[in-house]
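Remarks on the structure that follows.
Quick note: the coordinates plus some simple rules give every number you see, no bench work behind them. Worth saying up front: this structure is predicted, and the values here are computed from it rather than measured. Note that we place each Cβ from the backbone using ideal geometry, even for glycine, and neighbour counts take in every protein chain shown.
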Amino acid sequence: MSSSLLSLSGSGYPLVMPTLVLDPPPAEIDALLERRRRLGLDHRDEMWEGVLHVNPAPHGRHHRIGQQLAELLGPPATAAGLVPAIGIFNLGVPEDYRVPDGAIHRPGPDQMYYETAALVVEIVSPADESWAKLAFYVAHHVDDHVMAAPEKRSVSWLGLTDGEYHPIERSGLIDLGPTGLAEQIDWP
């Protein structure tokens, strides 16, 4: 038996409310998921070990930070022979994947699902699961993890060493670090 986990918001519900729906899901859940797919609202949904996490579109400031990160991370990534791709993508396999806000990849083929990335970018939104994804990124051998927190106006940059993430002051992948990156962002 599999299950789905939904984050619901609306009248009478808190902003985020995990909801477990055991299979087979009611027709209303199937209709909701199909409507989201048809309208293109499911691009940020994730599958966590067979459990669907339905994620809403982020706040507008999220997009503004994402655009700036693309402009700031792109040149040093390209200079290092890497491929900047700041925008959502699937990291993992169809039954177990996360959708980071962006990445820097090593050169290789375009794919629907990527096994790993050189660097993953997450932009924190209130009540999101960005920090809960760290163990998944470690398991997928993502070298660097950049977490931009608009509400704190800060950037955390973690490097993978001996199977764990640790804060670093400068990336070994590109010529940049958390302080230099945070100072260049025009925080909303």
task = Would you pull out the residues with amide H under 5 Å of Y114's amide H, same chain only if 5 or more places away, H placed 1.01 Å from N?
result = N90, L91, G92
key: Point-charge dipole on Cβ atoms (K/R +1, D/E -1) for the range 36-134, about Cα centre, debye to 20   = 340 debye
note = Dividing the helical contributions, -39500 (n - 2.57) per DSSP H run of n ≥ 4, by the residues of the chain yields a 222 nm value, nearest 500 deg cm²/dmol, of -7500 deg cm²/dmol
request  = Kindly provide the pair-distance distribution of the range 16-71 built from C-alpha pairs, with 5 Å bins from 0 and whole-percent values in order of increasing distance.
outcome  = 4, 15, 20, 24, 16, 10, 6, 4, 1
task = Report, for the chain, the % of DSSP beta bridges that are antiparallel, rounded to 5.
result = 75 percent
request  = Give me the angle, in degrees from 0 to 90, between the Cα long axis of helix 60-79 and the longest principal axis of the Cα atoms of the chain, rounded to the nearest 10.
outcome  = 40 degrees
ask   = Once the Cα atoms of helix 27-39 and of the chain are each reduced to a long axis, what angle between those two axes, in degrees from 0 to 90 to the nearest 10, is obtained?
value = 40 degrees
request  = With no solvent and one equal point scatterer per Cα, compute the Debye intensity ratio I(q)/I(0) for the range 77-188 at 0.11, 0.15, 0.20 Å⁻¹ and report its log10, rounded to two decimals.
outcome  = -0.32, -0.62, -1.13
ask   = Quick one: Cα convex hull volume of the chain, Å³ per residue?
value = 128 Å³
